[in-house]
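What follows is calculated from the coordinates using simple rules that are stated; it is not laboratory data. Remember, it's a predicted structure, so these values are computed and weren't measured experimentally. Glycine gets a Cβ as well: all are built from the backbone with ideal geometry, and neighbour counts include every protein chain shown.
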Amino acid sequence: MELKRSAVIMAGGRGERFWPQSRLRRPKHLLPVVGETPMLRQTIDRLDGLVPAERVWVITNSEQVDAVREICPEIPAEQIVAEPVGRDTAPAVALAALLVEQNSGDHAFAMLPADHVIGNTEAFRADLLAGFDAAEKDPVIATIGITPTFPATGYGYIQSKASDTTKALPVERFVEKPDLPTAESYLSNGGFYWNAGIFIWRPSTILGAIENHCPALHESFSSIRNALAAGEPLSAILPREYPQLEKISIDYAVMEKAENVVMVQSTFDWDDVGSWPAIERHHPKNDDGNIFKGTVVSEQSANNLVLTEGGHLIGLVGVEDLMVIHTPDATLICPKDRAQDVKKLVKQVEALKDGKSYL
């Protein structure tokens, strides 16, 4: 039997922590935050040889559809699907399963974030293939766990036990983002992996798990499934049905409750580059510890991150540990250790009388 493997990429976020470069219509995953091409383009390129373009789907939002189509011209236009409103990852997963089921039957598909930095593409493909193999062999939810390199408090974790007999390890539990002492204990004890949000499953497996563990969402999606089966276009179904769906993550809805979960331990380098300081891990520093992109001069300034566009000159004198992000219409100046608060600043921008023009 031919294996009609598919992939669905989640690409609808706003990337608020990367403001002002990241905007609603062209957020982080549509920008070359790390590398020379947009993050979404890199994600699709990593699937080469595993999943053909005609079986790749992108779930985004209406503001980003045109940009996604521009970046991914080989993906059929009807497979770039806009959510009318954001409802977190569980509804996106359920929608993805219905689309793959309608298009390819009950063949396994991968669910991938659009905006991660992954090194060693061949290792990634091998690990993803191991996840496909597991999901095709048994009715399991397969995920990829990232071996932690520091006690991160911004990631969820997966607990699993190593095995010499199988590539797909049984998962004991998913755990929420920990505090620092807990994260440190995870690293010292071993058996804990970062949850990268990469999943592989058959449509029947994940839809069955949603039915078992999140029946309200399952019931809501029954009407979408029936409308699709009746031949109604998705463009008519989603605006009517999607706003009624519960807003819930796939981790809360399913992963923390499911028992049929296995994990492939990653053999590739991974980074979710969640805020501006994270890109420092991917760019060389000068002798003063600065990272400059664009036209920048500095005097007695150290450990700064500066990005400037359009030939605009940035000058630094006697400052340390700042990030300065300049775009044609907005400039951010912030201590690097306050990077997580950029999201709060964006809320203030949104509240301005003309704030929408800066988002």
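Key figures
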quantity	calculated
For ALA92, net neighbour charge (Lys/Arg +1, Asp/Glu -1) across residues whose Cβ lies under 13 Å away	-2
Gaussian network model of the chain, springs between alpha carbon atoms under 10 Å - residue of ASP251, ASP138, ASP179 with greatest fluctuation	ASP179
Charge tally in the Cβ shell below 10 Å around ASN303, where Lys, Arg are +1 and Asp, Glu are -1, ASN303 excluded	-2
Dipole of the range 6-271, positive end: most advanced residue of ALA258, LEU95, ALA130 [Cβ charges, Cα centre]	LEU95
In Hz, Karplus ³J(HN,Hα) per residue of the range 215-220 (6.51, -1.76, 1.60; θ = phi - 60°; x = Gly, Pro)	x, 5, 5, 4, 5, 4
For the range 173-182, Karplus couplings with θ = phi - 60° (6.51, -1.76, 1.60), whole Hz, Gly/Pro x	5, 9, 10, 5, 4, x, 7, 4, x, 5
Sequence-distant lysines (8 or more away, or on other chains) whose Cα lies within less than 26 Å of LYS353	LYS28, LYS343, LYS344
Among GLN348, GLN265, GLN159, residue whose mean-square fluctuation peaks in a GNM of the chain (springs only between Cα atoms under 10 Å)	GLN348
Estimated FRET transfer efficiency when R0 is 35 angstrom, pair LYS247-ASP106 (beta carbons, to 0.05)	0.80
Estimated FRET transfer efficiency when R0 is 25 angstrom, pair GLU259-SER185 (beta carbons, to 0.05)	0.55
Candidate lysines for bridging to LYS167, where Cα separation is under 29 Å - those fewer than 8 sequence places away on the same chain excluded	LYS4, LYS137, LYS177, LYS257
Acute angle (nearest 10 degrees) that the helix 342-351 long axis makes with the longest principal axis of the chain, alpha-carbon atoms	90 degrees
Choice from PHE174, PHE150, PHE124 with maximal GNM fluctuation in the chain (Cα, 10 Å cutoff)	PHE150
Charge sum, other residues only, whose C-beta stays under 13 Å from VAL273's C-beta, Lys/Arg counted +1 and Asp/Glu -1	-2
Length added when fully stretched, ARG338-ASN303, from 0.36 nm per residue minus Cα-Cα	11.2 nm
Karplus (6.51, -1.76, 1.60) ³J(HN,Hα), θ = phi - 60°, over the range 127-144, in Hz, Gly and Pro reported as x	5, 5, 4, 4, x, 4, 4, 5, 5, 7, 6, 9, x, 10, 8, 9, 9, 10
Within the range 6-271: Cβ-based charge dipole about Cα centre, in debye rounded to nearest 20 (Lys, Arg +1; Asp, Glu -1)	380 debye
Distant-in-sequence amide H partners of THR331 (H built 1.01 Å from N, under 5 Å)	none
Built amide H within the under 5 Å cut-off of ILE200, gap 5+	MET111, ALA142, THR143
